[in-house]
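Notes for the one structure printed next.
None of the figures in this text is laboratory data; all of them are computed from the coordinates on show. Quick caveat, the model's predicted, so the values are computed rather than measured. Neighbour counts are summed over all protein chains in view; Cβ atoms, including those assigned to glycine, are modelled from backbone coordinates with ideal geometry.
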Amino acid sequence: MVSVVEARGVTKEYRGGDGSLLRVLDEVALQVRRGEMVAVVGASGSGKSTLLHVLGALERPTRGEVWIGGEPLAGRTDESLAALRNRSVGFVFQFHHLLREFSAVENVMVPQRILGVGEPEARSRALELLDLVGLGSRAHHRPAALSGGEQQRTAVARALAAGPDVLLADEPSGNLDHANAERLHDLFADVAHSVGTALVVVTHNRSLAERADRVLRLSEGRLVPADMGDGEAGSGGVA
């Protein structure tokens, strides 16, 4: 099966305050297929978030190539990258970043409206996605009236609204209690396998990582298969 998101020899370097060169990613290679969930684990500060930013066209690699949905990112203008990102990549972060003045359904409609989808179609799609994440009855509640787990599930629905090729999640359950984290973990596995989106999730949570089709460890800038028996991920969600 053709890869939906692919990194080829990706290196990312930053110049430190003292002028020294810090290499965060070192010749990273990664292929993720449609319907596949890949978890990336590793120590804090190992570059996991940087990897997601490069895969999602938020940052450019120093060297190497990234492809999304069969399209290369190299050589694109910032405007072209933004357009591809908006239609092809969904992001879920540790904090949901919902718009407080909007209801759940209105929050989920936002990515579609940005892409020019009409209001009736965007609303219908948003309601379908809220049903998918178990929030059909909460569609018209604002974030303040939703629990932390419900807010994060709304964020997942929003990330799926534009029908992205790949969903990138950075510690998505890190701010949730155990019960809500487990519900979110089940949702991610279901999204990858039933919706058919390629999913890359960065996590310290063993429970989430164990739901993935593959678990990779980022260490010294390199991606290698992880041995979960050696405690590559943490023991659970944050209360």
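A few comments on the model shown:
- Three principal axis extents of the stretch 163-208 based on alpha-carbon atoms, in descending order, are 29, 17, 16 Å.
- Efficiency of FRET between L22 and E128 - r from beta-carbon atoms, R0 41 angstrom, step 0.05: 0.40
- With all pairs of separate Cα atoms included, the stretch 32-113 yields a Kirkwood hydrodynamic radius of 14.9 Å.
- Acute angle (nearest 10 degrees) that the helix 78-88 long axis makes with the longest principal axis of the chain, alpha-carbon atoms: 60 degrees
- Normalised by 2.2 N^0.38 Å, where N is the number of residues, the C-alpha radius of gyration of the stretch 3-226 stands at 1.01.
- A29 paired with R76, simple spin-label distance in nm, labels 7 Å along Cα-to-beta-carbon: 2.4 nm
- Distance-filtered residues of the stretch 28-65 - backbone nitrogen under 12 Å, label point 7 angstrom along R222 Cα→Cβ: 28-29
- Cβ crowding within 10 Å, taken as a proxy for footprinting-reagent exposure, orders D170, D18 from fewest neighbours to most as D18, D170.
- In a fully extended conformation the segment linking S44 and H140 would gain 30.8 nm over its present Cα-Cα distance, using 0.36 nm per residue.
- Amide H within-cut-off set for G69, under 5 Å, with H built and near neighbours excluded: V5
- Neighbourhood charge, 10 Å Cβ-Cβ cut-off, centred on K12 and excluding it, Lys, Arg +1 and Asp, Glu -1: 0
- Using alpha carbons only, the radius of gyration of the stretch 1-72 set against its Kirkwood radius gives Rg/Rh = 1.00.
- Using the Cβ-Cβ distance between V195 and R15 with R0 set to 45 Å, the FRET efficiency from 1/(1 + (r/R0)^6) comes to roughly 0.65.
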